[in-house]
Amino acid sequence: MKARTSHRKFRGLSLIECLIALAITAMLLTGVAAAFQASASAVQMNDEFYRAQQAARVSLNQILDQVRRCQSGVVDTTSLELTTDTSQVRTYGLSGTDLTMTFIPPGATTPSSFKLASNIKTLTFSTDGKSISMVVTVTVGDNTVTLCGSAFPRRLMTYQ
């Protein structure tokens with residue numbers, strides 16, 4: 001009977017063992033929380049960059065489509081004014097205050113502009129007298145991508 005009572009004494013964890021187990025568990029949970037936080041912020045940064053890049057890409061494609069169909073265009077280094085095939089004047093440019101690519105619609109009675117893309121670091125237009133080129137640099141955090149394109153107005157094309 002004495003042997004049984006001595007085993008009861010040593011059952012379970014001592015206070016020191018509980019504290020050590022608690023400290024190890026706290027360190028593991030802290031590590032998991034830090035990894036989760038880093039992963040979540042990386043996913044958010046990638047999402048912001050992808051959205052900015054995609055908006056710039058779509059805007060570039062739409063503007064170059066308008067260039068292909070335009071009657072005429074006036075090119076400045078940071079803005080482009082197109083006269084469309086329906087004689088509407090559309091102006092595209094960079095808003096330097098909030099780094100957005102803007103569009104001024106035709107026939108606006110009050111000066112208004114619409115945001116096409118954000119996080120635009122640089123937007124440049126150039127021409128060689130025939131084609132119109134466009135270069136857009138998108139920056140979000142440490143991520144940067146440069147998109148470029150060129151279009152030739154179809155009205156200048158000659159077929160033989």
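None of the figures in this text is laboratory data; all of them are computed from the coordinates on show. Since the structure is predicted, the reported quantities are computational estimates derived from the model, not experimental observations. Don't worry about glycine lacking a Cβ; one is built from the backbone with ideal geometry, like all the others, and counts go over all protein chains shown.
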Out of segment 1-105, which GluC sites (Glu not before Pro) are coil in DSSP terms and have no more than 13 other C-beta atoms within 10 Å?
none
Work out, step by step, the length gained on full extension between K130 and A40: first 0.36 nm times the residue separation, then minus their alpha carbon distance; give nm to one decimal.
27.7 nm
If I build a Gaussian network model for the chain, linking alpha-carbon pairs within less than 10 angstrom, which residue out of R51, R11, R90 has the largest mean-square fluctuation?
R11
If you take the Cα Rg of segment 65-117 and divide it by 2.2 N^0.38 Å, with N the number of residues, what do you get?
1.12
Determine ³J(HN,Hα), in whole Hz, for all residues of segment 17-23 in sequence, where each value follows from phi through the Karplus function 6.51 cos²θ - 1.76 cosθ + 1.60 and θ = phi - 60°; x replaces Gly and Pro.
5, 5, 5, 5, 4, 5, 5
The residues M101, M134, sorted from fewest to most surrounding Cβ atoms within 10 Å, come out as M134, M101
Listed by chain and number, the residues whose amide H is under 5 Å from that of C70, excluding neighbours fewer than 5 places away on the same chain and using placed H, are R154
Taking θ as phi - 60°, what are the ³J(HN,Hα) couplings along segment 68-78 by the Karplus curve (6.51, -1.76, 1.60), each to the nearest whole Hz, with x for Gly and Pro?
4, 9, 6, 7, 7, x, 10, 9, 10, 4, 10
In nanometres, the difference between 0.36 nm per residue of separation and the alpha-carbon distance of K115 and S72 is 13.2 nm
Note down the magnitude of the dipole of the chain about its Cα centre, charges +1 on Lys and Arg C-beta and -1 on Asp and Glu C-beta and zero elsewhere, to the nearest 20 debye.
1120 debye
Amide H partners (placed H, <5 Å) of T78, local residues excluded
F125
With only alpha-carbon atoms in the gyration tensor, what are the semi-axes of the equivalent ellipsoid for the chain, in Å, largest first?
66, 15, 12
